[in-house]
Amino acid sequence: RQLPQNDTEARLNQGTTTLQIFIRQPPESAGPALDVAVSLYPVDIIAVRHEFFTEPRAGKRFEDFLKERMKGRSPITARLDKQGQGAVTLAPGSWWLHATLSGDEQLEWRLPVTVTGTKQVIELTPQNAYTRSKTF
């Protein structure tokens, strides 16, 4: 349907996936506009953190340990707009999505995402949240 404008653009887009992310809030909690930070890691950051702190590593910082585990890949960060929508471009493979929505009820997501194809959509809902807690 749409061809790349030039050869350079075709090479840049080759082998990447546009991941669209959006949050669907339950009707009862729909309120203020959203502004949510989303992080995507090529490894399970929680498991890496647990491994680092359960086994002593003399002279090694967590940042260095994490960099080793990511094997040259970098985390990707994005912000969802006021409507709770955003998009990032990723290399295909396994990623872990982390996001937190604060408010009367705090929702946290830790989702494994297998990125394939040229376009993919992830919907963050209260049902697929990792934790859900009331704030007072």
- Task: Give me the lysines in straight-line cross-link reach of K134: C-alpha distance below 28 Å, same-chain residues under 8 apart excluded.
- Result: K82
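Within segment 20-124, what whole-number % of the accessible surface is contributed by carbon and sulfur, with the 1.4 Å probe and all protein chains included in the calculation? Walk me through the intermediate numbers first.
Working: 3240 of 6310 Å².
Ligands and nucleic acids excluded, carbon and sulfur reach 51 percent.
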- Message: Going Cα to Cα from K67, which lysines come in below 28 Å? Please leave out same-chain ones fewer than 8 positions away.
- Response: K119
- Message: Can I get the semi-axes of segment 43-136's equivalent ellipsoid? Compute them from the C-alpha gyration tensor as square roots of 5 times the eigenvalues, in angstrom, largest first.
- Response: 26, 20, 11
- Probe 1.4 Å, heavy atoms of protein chains only: per residue, the accessible area of segment 53-96 in Å² is 72
- Message: Report the gain in length on full extension from L66 to K134: 0.36 nm times residue separation, minus Cα-Cα distance, nm rounded to one decimal.
- Response: 21.4 nm
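The values are calculated or read from the model by the stated rules, or taken from the named source; none is laboratory data. Not measured: the values here are computed from a predicted model. Heavy atoms of the whole protein, side chains included, go into the accessibility calculation; ligands, DNA and RNA do not. Shrake-Rupley method; radii C 1.70, N 1.55, O 1.52, S 1.80 Å.
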